[in-house]
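So the structure is just underneath, and the comments pick up after that.
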Amino acid sequence: MNNDKKTKAALLSILSNTFLITLKVIAGILSGSVSILSEAIHSGIDLIASTIAFISVRASAKPADKEHPYGHGKIENVSGVVEALLIFIAAVLIVSQSVGKLLHPIMISQTTLAIAVMLLSAVSNFTVSKILAKVAKEEDSVALEADALHLQTDVYTSLSVAAGLAVIHFTGIALLDPLIAILVALLIVKEAWQLCRKAFSPLLDASLDERDEQIITEVFGLYADQIRSFHTLRTRKVGNIRHIDVHLSIDGNTQLAQAHRLTEEIVQTIEQRLKNTNVTIHLDPD
């Protein structure tokens, strides 16, 4: 596991969010736009989430010990759930501000500056999210995947805000600003729900996904002439490590050394096809 690579990616997200928060707050104050200020709140929550991701990827890399024989990988899942809850909070704050602006609308000024900031935010978040997503896929990191998902959503919301501000600039309809902010909040809620489901499932020791289990089944099929059957397949994921526990029925006359070589070969084949895998095979003479 290249934890240094994961840590650098998480740090990049922190720096990017810090920069964008500063720009959005300045643009929001100068323009009076609640949609931009809602985006600043969103980026503020993202900064907290990025910091949590940074801490979690460092902590999850700690090796297994006596108290944690399966390692510390689930710290990343915990951080993902916390990030999802933070996003829900951000959505509530945005809606609260937007309702106030709907009841008491104000005209927006400095729309050109505001639009420029939103477009810059979209470009920055798009670039950083691609980097995070790439590292998350390579290292199978839930925390970085969650952070990348945040920033991908920010791209869409920033573009929506920029488009809305452009319409306001040409039409003068101030009510569009809080309406856009509420739309941003709804997108954020959808993002939070998807993230919460993905991060929480491994905490309950859910099985590996259907694709992974299909690969395991295919590997056993390669050795159909040497084993009678396989059963009691149990799988789960801790951080980025897949744990596989299975029973194999073999000919009761098979010598111990031969059975040992067979299990080692099967384990190696599975590990070649599934990255970061820990396989335990129980032999049942038949």
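The values are calculated or read from the model by the stated rules, or taken from the named source; none is laboratory data. Source: prediction; values computed, not measured. Because the Cβ atoms are built from the backbone with ideal geometry, glycine has one as well, and the counts that use them run over all protein chains shown.
Report every pair of residues separated by at least 6 positions or lying on different chains whose Cβ atoms are under 6 Å apart, first residue within segment 216-238 and more than 25 Å from V142 (Cβ to Cβ) and part of a strand (DSSP E or B), second modelled with pLDDT of 85 or more and not basic (K, R).
S229/S249; F230/F220; F230/V246; F230/L248; H231/H247; T232/H247
Yes or no, residue by residue, for (1) under 30 Å from R242 (Cα atoms); (2) hydroxyl-bearing (S, T, Y); (3) in the same structural domain as L120 (by TED's automatic domain parsing):
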| site | (1), (2), (3) |
| --- | --- |
| A9 | yes, no, yes |
| L12 | yes, no, yes |
| S16 | no, yes, yes |
| F19 | no, no, yes |
| G28 | no, no, yes |
| E39 | no, no, yes |
| D46 | yes, no, yes |
| A49 | yes, no, yes |
| I52 | yes, no, yes |
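Do we find a residue being modelled with pLDDT under 75, under 18 Å from the mean Cα position of the chain (by Cα) and not in a helix (DSSP H, G or I) anywhere in segment 54-67?
Yes, the conditions are met somewhere in segment 54-67.
Checking T127 against (1) surrounded by fewer than 24 Cβ atoms within 10 Å (Cβ to Cβ); (2) within 16 Å of I21 (Cα to Cα), which test does it fail?
Among (1) surrounded by fewer than 24 Cβ atoms within 10 Å (Cβ to Cβ); (2) within 16 Å of I21 (Cα to Cα), the lone unmet condition for T127 is (2).
Restricting to segment 138-187, name every residue that is on the phi > 0 side of the Ramachandran plot and either crowded, with 24+ Cβ neighbours inside 10 Å or over 12 Å from the mean Cα position of the chain (by Cα) (or both).
Across segment 138-187, the qualifying residue is only G172.
Got a sec? Which of N278, N240 is surrounded by fewer than 17 Cβ atoms within 10 Å (Cβ to Cβ), within 21 Å of G73 (Cα to Cα), within 39 Å of the chain's Cα centre (by Cα) and not aromatic (F, W, Y)?
N278
I need a count of the residues in segment 187-222 that are out of contact with any Gly (no Cβ under 9 Å at 6 or more places or on another chain) and either at pLDDT 75 or above or under 17 Å from I87 (Cβ atoms) (or both).
25
Residues are listed down the side, and each one gets a yes or a no for (1) closer than 25 Å to A136 by Cα; (2) in contact (Cβ under 8 Å) with a residue 24 or more places away in the chain:
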| site | (1), (2) |
| --- | --- |
| L15 | yes, no |
| T22 | no, no |
| V25 | no, no |
| G28 | no, yes |
| G32 | no, yes |
| T51 | yes, yes |
| S56 | yes, yes |
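Return the total of residues in segment 151-173 being of a type outside the set (F, W, Y), part of a helix (DSSP H, G or I) and either farther than 27 Å from A9 by Cβ or free of Cβ contacts under 8 Å to residues at least 40 places away in the same chain (or both).
Total satisfying the criteria: 12.
Would segment 174-186 turn up any residue that is more than 24 Å from V95 (Cβ to Cβ) and not in a helix (DSSP H, G or I)?
Within segment 174-186, none of the residues are more than 24 Å from V95 (Cβ to Cβ) and not in a helix (DSSP H, G or I).
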